[in-house]
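The values are calculated or read from the model by the stated rules, or taken from the named source; none is laboratory data. Computed from a prediction, not measured in an experiment: that's the story for all the values here. A quick note on method: Cβ atoms are made from the backbone with ideal geometry, for glycine too, and the neighbour counts reach across all protein chains shown. When the accessible area is computed, the model is the full protein with side chains, heavy atoms only, and any ligands, DNA or RNA have been set aside. Shrake-Rupley method; radii C 1.70, N 1.55, O 1.52, S 1.80 Å.
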Amino acid sequence: MESVGYRNVREEDLGPLRRLQGEAIRWLAAREGRDPSLIPLSDEPSPPARHLLRTDPALWWLAELGGRPVGFSGGWVRDQLWVLSNLFVHPDVHGRGVGQELLRRCFAAGRARGARIDAIVSSSHVSAQSLYIRLGLVPRFPLFVLQGLVEALAALPEPASSVKRPTARAGWSRKLSDLDEMVWGRRREIDHQFWLGEPYVDCRALQGEDGALLGYVFFTPDHIGPLAARTRRAQLQLLRLAGQAQMEAGSETVRLQVPGINGTVLKALLDRRFRIDHVNLVMTSLPFGRFDRYLPSGGMML
Ligand SMILES: CC(C)(COP(=O)(O)OP(=O)(O)OC[C@H]1O[C@@H](n2cnc3c(N)ncnc32)[C@H](O)[C@@H]1OP(=O)(O)O)[C@@H](O)C(=O)NCCC(=O)NCCS
């Protein structure tokens, strides 16, 4: 049987790898009893994948069989934190050690970049969970993927402090990172600079009377996250701000990912008829951050 070859991912691989990712996620959705056709298939590289590949190219690995990509891993390191952003293997070659080898290469490259602590948003797939646990990560909390009506966010509490619109200029990425250090446990100016520069991403921040940030929220017309806040209640005010802007843009539904330990947001949204689409699992090698006042952007960028 032909053997699998491995090499680093190049920017021109990202289109075909996005399709491979879509096929692997459809396969997983069907296993979980969800409708696979609701998962879009695309050949267009996603902007976050391009950004992450540019910042950490050594962490992106591709597996090839007979000249065709059959799997890939991707990751990033910020402030000594390694995050696995992608691990997908085509269903035709599952169970042959490809996933484990891709994971090993991405992890080793993270260590070489100085990472000392590790985090992964795992799918519900037992093979993935088993690989991550054997790598030394511990399941910490579930991550609920929720979907609901934008108008339901309008009933959340109104912000009591001044509302700002951060931009890619004027030192905003530093200010957002100052808050991350307290809430998320690490700094990542480079990612804020990316989100603030993307035309399809919008941002709002709450500022206290002393000028310090109380929280921020990033959103697109149909998605919210990341969101970080000094207090649990400020999260609800930020969600309301995002919902208002989304309603003005004509959006009807919104998706977001809520940590199982973030009871404030989880209860507020389920009380307002949000539905759980599926549940992932956050695993880390050590505890970090305050995820009771944080909503990730998703599995890729945490
Ligand atoms: C998860 C995924 C990447 C794994 O790729 P793969 O090439 O099939 O994985 P491997 O063959 O290298 O390893 C799978 C391991 O899971 C183990 N495993 C399988 N079922 C298991 C179970 N029920 N309990 C414990 N371990 C199990 C296997 O024993 C194997 O380990 P081993 O080779 O040491 O015996 C692949 O299944 C995939 O793409 N799934 C869909 C998308 C997904 O969930 N991606 C993860 C996103 S976080």
Item checked: Among (1) assigned to a loop (DSSP other than H, G, I, E, B); (2) open to solvent by 30 Å² or more (accessible area, probe 1.4 Å); (3) on the phi < 0 side of the Ramachandran plot, the one test that D277 misses -> (1)
Check: Could you list, in sequence order, the residues of segment 84-98 that are more than 7 Å from the ligand (Cβ to nearest atom), open to solvent by 10 Å² or more (accessible area, probe 1.4 Å) and of a type outside the set (G, A, S)?
Finding: H90, P91, D92
Next item on the list: Being open to solvent by 10 Å² or more (accessible area, probe 1.4 Å) and within 6 Å of the ligand (Cβ to nearest atom) is the filter here, so list the residues in segment 99-130 that pass it.
Entry: G99, Q100, S123, H125, V126, S127, A128, S130
Next item on the list: All but one of (1) within 20 Å of the chain's Cα centre (by Cα); (2) in the same structural domain as Q237 (by TED's automatic domain parsing) hold for K164, so report the exception by its number.
Entry: (1)
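Please state which one of L143, L137, L81, L156 is among the aliphatic types (A, V, I, L, M), away from the ligand (no atom under 14 Å from the Cβ), under 21 Å from the mean Cα position of the chain (by Cα) and open to solvent by less than 10 Å² (accessible area, probe 1.4 Å). Walk me through how you get there before you give the answer.
Working: L143 fails: away from the ligand (no atom under 14 Å from the Cβ); L137 fails: away from the ligand (no atom under 14 Å from the Cβ); L156 fails: under 21 Å from the mean Cα position of the chain (by Cα).
L81 is the lone residue from the list that is among the aliphatic types (A, V, I, L, M), away from the ligand (no atom under 14 Å from the Cβ), under 21 Å from the mean Cα position of the chain (by Cα) and open to solvent by less than 10 Å² (accessible area, probe 1.4 Å).
Against the definition (at pLDDT below 95 and surrounded by fewer than 19 Cβ atoms within 10 Å (Cβ to Cβ)), how does E198 come out, yes or no?
On the way: at pLDDT below 95: no; surrounded by fewer than 19 Cβ atoms within 10 Å (Cβ to Cβ): yes.
So E198 does not fit the description; no.
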Margin query: If I ask for residues that are under 14 Å from the mean Cα position of the chain (by Cα) and open to solvent by 20 Å² or more (accessible area, probe 1.4 Å), which ones from segment 51-78 would you list?
Written below: H51
Next item on the list: Being assigned to a loop (DSSP other than H, G, I, E, B) and either free of Cβ contacts under 8 Å to residues at least 60 places away in the same chain or among the polar types (S, T, N, Q) (or both) is the filter here, so list the residues in segment 3-25 that pass it.
Entry: S3, R10
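Here is a list: L227, L206, L214. Which entry is open to solvent by 20 Å² or more (accessible area, probe 1.4 Å) and more than 13 Å from S173 (Cα to Cα)?
L214
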Next item on the list: May I ask you to list pairs of residues, at least six apart or on different chains, whose Cβ atoms are under 9 Å apart, with the first in segment 132-156 being over 30 Å from R240 (Cα atoms) and the second being small (G, A, S)?
Entry: Y132/S122; L135/S285; G136/S285; L137/A119; L137/S122; L137/S285; V138/S285; P139/S122
